[in-house]
Amino acid sequence: MKSPLLSLPGAVPAEGVDEGVAGHYGDLFREQRALADGTGFVDLSHRGVVTVSGEDRLSWLHLLLTQHVSELPVGEATEALILSAHGHIEHALYLVDDGSTVWAHVEPGTQDALIAYLESMKFFYRVEVADRTADFAVVHLPAGSIAEAPDGVVVRETAYGRDLFLPRGDLESCAAKFGPPAGLLAHEALRVEHHQPRLGFETDHRTIPHELGWIGTAVHLQKGCYRGQETVARVQNLGKPPRRLVFLHLDGSEVHLPVPGTEVRVADEGPEGRKIGFVTTSARHHELGPVALALVKRNVPVSARLLAGETAAAQEVVVEP
């Protein structure tokens, strides 16, 4: 779904799964600094919006999600995953309940598969699942923003800012009141800085929550059964995940960033050494320079110097080995 905000001055479309919104508006670092300072907004209207209403919505979702939501307070933001039977991550949901409806935004294009799964699990529960992507657009206001959400708009507030579920028809008029726009590349650079994983970027078909640091933030360890819970409990109590997320400081003299999927090796073994991981997201940060997130084997020493392709990289621990 193409955003009308792509008509704003300087807008350059994002690519890949994020197409449909602006990647930037002509000045990537200025846009990053504005968000870091608590000004402006990010158009996330390409993300899927799913709602669950009905009096059983929280107790029902509690059975399906990795997060404890049976008593989720009205207005309190949380995030949750849906796992496969083997504990691999299939969906990531960013949730808030408004007192009658649970609102969630999800990765672009994943809402159909998510809704199909939820519909298959309704049974006798009094719930209604709906795809509201065509009606509502997600807009992000950074932490510290003094912009006011319009009356009646559902807001999901976290330490990193507020996500607004804005009526899609109001997107242009409200955006004019939120300050200067910042593109998705600026938003992504700050996500990398904060070590926040993203479904489809930091995940592949065999990713489990422990590898990305999602235990605690999206996975509650003291709740009842859900699909994939046995794997979560077994790894938590008896072992370690096979891989771990790391933050990489990249050599700033390189012109090009290593693209997602770039192989990571131990530098002392040279560019032909054994592969120990891969880059998941890379970005140019307004203060830190070129940075990336990567998944590497758990037993890679935290002091090891790495190569992301041909680019030298120093690792910073996100998930403990």
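The values are calculated or read from the model by the stated rules, or taken from the named source; none is laboratory data. Keep in mind it's a predicted model, so treat the numbers as computed, not measured. So basically every Cβ, Gly included, is an ideal-geometry build from the backbone, and we count neighbours across all protein chains shown. Ligands, DNA and RNA are excluded from the accessible area calculation, which covers all protein heavy atoms including side chains. Shrake-Rupley method; radii C 1.70, N 1.55, O 1.52, S 1.80 Å.
Points to keep in mind about this one:
- The chain - percent of accessible surface contributed by carbon and sulfur, probe 1.4 Å: 52
- Backbone phi angles across segment 284-293, fed through the Karplus curve with coefficients 6.51, -1.76 and 1.60 (θ = phi - 60°), yield HN-Hα couplings of 9, 9, 5, 10, 8, x, x, 9, 7, 10 Hz in residue order; Gly and Pro are listed as x.
- Where the chain is the region considered: accessible area per residue in Å², 1.4 Å probe: 45
- Extended-chain gain in nm, criterion 0.36 nm per residue less alpha-carbon gap, GLU119 and HIS205: 28.7 nm
- Annotation: peptides 60-72, 116-128, ranked by per-residue average of other Cβ atoms within 10 Å with the highest first, follow the order 60-72, 116-128.
- Where N is the number of residues in segment 122-198, Cα Rg divided by 2.2 N^0.38 Å: 1.31
- Comparing LEU44, LEU81, LEU221 in a Gaussian network model of the chain, where Cα atoms under 10 Å apart are tied by springs, the biggest mean-square fluctuation is seen for LEU221.
- D_trans [Stokes-Einstein, Kirkwood Rh over alpha-carbon pairs] for segment 146-298, 4 °C, 1.567 mPa s, µm² s⁻¹: 70
- Rounded, prolate or oblate (a/c below 1.5 giving rounded, otherwise prolate when a/b exceeds b/c) for segment 30-180 by Cα gyration tensor: prolate
- Peptides ranked, highest mean first, by Cβ atoms within 10 Å: ranges 168-178, 182-192, 266-276, 244-254: 182-192, 244-254, 168-178, 266-276
- Shape index of segment 213-321: Rg/Rh, with Rg the Cα radius of gyration and Rh the Kirkwood radius from the inverse mean 1/r over Cα pairs, equals 1.05.
- Here the chain is described by how far its Cα atoms reach on the three principal axes: 58, 52, 29 Å, from widest to narrowest.
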